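The values are calculated or read from the model by the stated rules, or taken from the named source; none is laboratory data. Quantities reported herein were computed from a predicted structural model and do not represent experimental measurements. Cβ coordinates were reconstructed from backbone atoms using ideal geometry, including for glycine residues, and neighbour counts include every protein chain displayed. For accessibility, only protein heavy atoms count, side chains too; no ligands or nucleic acids. Shrake-Rupley method; radii C 1.70, N 1.55, O 1.52, S 1.80 Å.
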Amino acid sequence: MRVLAIADVEERWLTAASARERLQGYDLIVSCGDLDARYLEHIVTMANVPLLYVWGNHDTAYRLHTPEGCRSIEGRIAEYRGLRFMGLGGSVRYNDRVFGFTERDMYWRMLRLSLAAKAQGGVDVLVTHTPPRGYGDLDDLPHQGFDAFNTCLEMLSPRYLLHGHIHPEYGRIARACAHPAGTEILNCCGYRELELSAPAEPRSARRGYLGVDRI
């Protein structure tokens, strides 16, 4: 399955007249946050495939205008073509105007969702806005990652963690790095393409208290 992951920056080629043609061949779009709702609506219309998204720290406008035609996986697990995606958006809370969480709040938010995922056979992709602490984040508070995500990767070992938030122009930022849990961490600021395949073994059909949204 060919996936286009996007975050933070509105790419010119995705708003051009040729966008529909260039988006052909993608099977799924994943937004890692900080993108205007109308931008996501344009992309999902041009691509005509599902678009999954989490909230970035600057996406508080979603409270008034959620991206139509797109599916939020914020605090949820979704399955598409046999692949499971788990979403935990937001950043470290550095003021009261952003969609943010304390480390403690994100830990409990993560743990609740991760236990549900583990009970139902795990997930393939963790979609966040910020990276895990120590893996592609920065030292200043607004751009620090969550240590809770390291715990999540240790619990679930998804194949990928997709995130945004850390722009390349901030410095010498690694666009990809490996986590000790075996997860490949990808910075999707702007856009990034990846290929995914469904797991060879079928997962448990048991439904936990959060369930799995099948698309």
TODO: Quick one: accessible surface of E184, probe radius 1.4 Å, all protein chains present, in square angstrom to the nearest 10.
DONE: 80
Task: Karplus 3J(HN,Hα) series, Hz, for segment 65-77 with 6.51 cos²θ - 1.76 cosθ + 1.60 (x for Gly, Pro) - done: 9, 6, x, 6, x, 10, 10, 6, 10, 5, x, 9, 10
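Can you give the charge dipole size of segment 79-215 about its Cα centre, rounded to the nearest 20 debye, using +1 on the beta carbon of Lys and Arg and -1 on the beta carbon of Asp and Glu?
500
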Open item on the list: Amide H of G100 versus every other amide H placed in the peptide plane: which residues, excluding those fewer than 5 positions away on the same chain, fall under 5 Å?
Closed with: S91
TODO: Counting other Cβ atoms within 10 Å, keep those with at most 14, restrict to DSSP loop, and tell me which trypsin sites (Lys or Arg not before Pro) in segment 157-194 are left.
DONE: R172, R175
- [ ] Once you have the Kirkwood Rh of the chain from its Cα pairs, apply Stokes-Einstein at 10 °C and 1.306 mPa s and quote D in µm²/s.
- [x] 93
- [ ] Would you mind checking which residues have amide H under 5 Å from I77's amide H? H placed 1.01 Å from N; only 5 or more apart, or other chain.
- [x] D213
- [ ] Please list 54-63, 98-107 highest first by mean number of surrounding beta-carbon atoms within 10 Å per residue.
- [x] 54-63, 98-107
Open item on the list: For T151, what accessible surface area do you get with a 1.4 Å probe? Give it in Å², rounded to 10.
Closed with: 40
Task: Percentage of interatomic Cα-Cα distances in segment 108-210 larger than 23 Å - done: 29
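In the neighborhood of A178, defined by Cβ-to-Cβ distances under 13 Å, what is the net charge if each Lys or Arg adds +1 and each Asp or Glu adds -1? Walk me through the intermediate numbers first.
Working: positive: R159, R175; negative: E184.
Every neighbour counted, the sum reads +1.
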Task: Percentage relative contact order, segment 99-215, counting C-alpha pairs under 8 Å, at least six apart - done: 27
Task: Environment charge at G145 (Cβ cut-off 14 Å; Lys +1, Arg +1, Asp -1, Glu -1) - done: -3
TODO: May I ask you to rank W13, W108 by accessible area, largest first, using a 1.4 Å probe over the protein chains only?
DONE: W108, W13
TODO: Taking only protein heavy atoms into account and a 1.4 Å probe, give the accessible area per residue of segment 93-189 in Å².
DONE: 44
Open item on the list: If you roll a 1.4 angstrom probe over the protein chains with everything in place, what fraction of the accessible area of segment 105-200 belongs to carbon and sulfur, to the nearest %?
Closed with: 51
Task: Taking the chain and dividing mean pair separation by its residue count, relative contact order in percent (alpha carbons under 8 Å, at least six apart) - done: 23
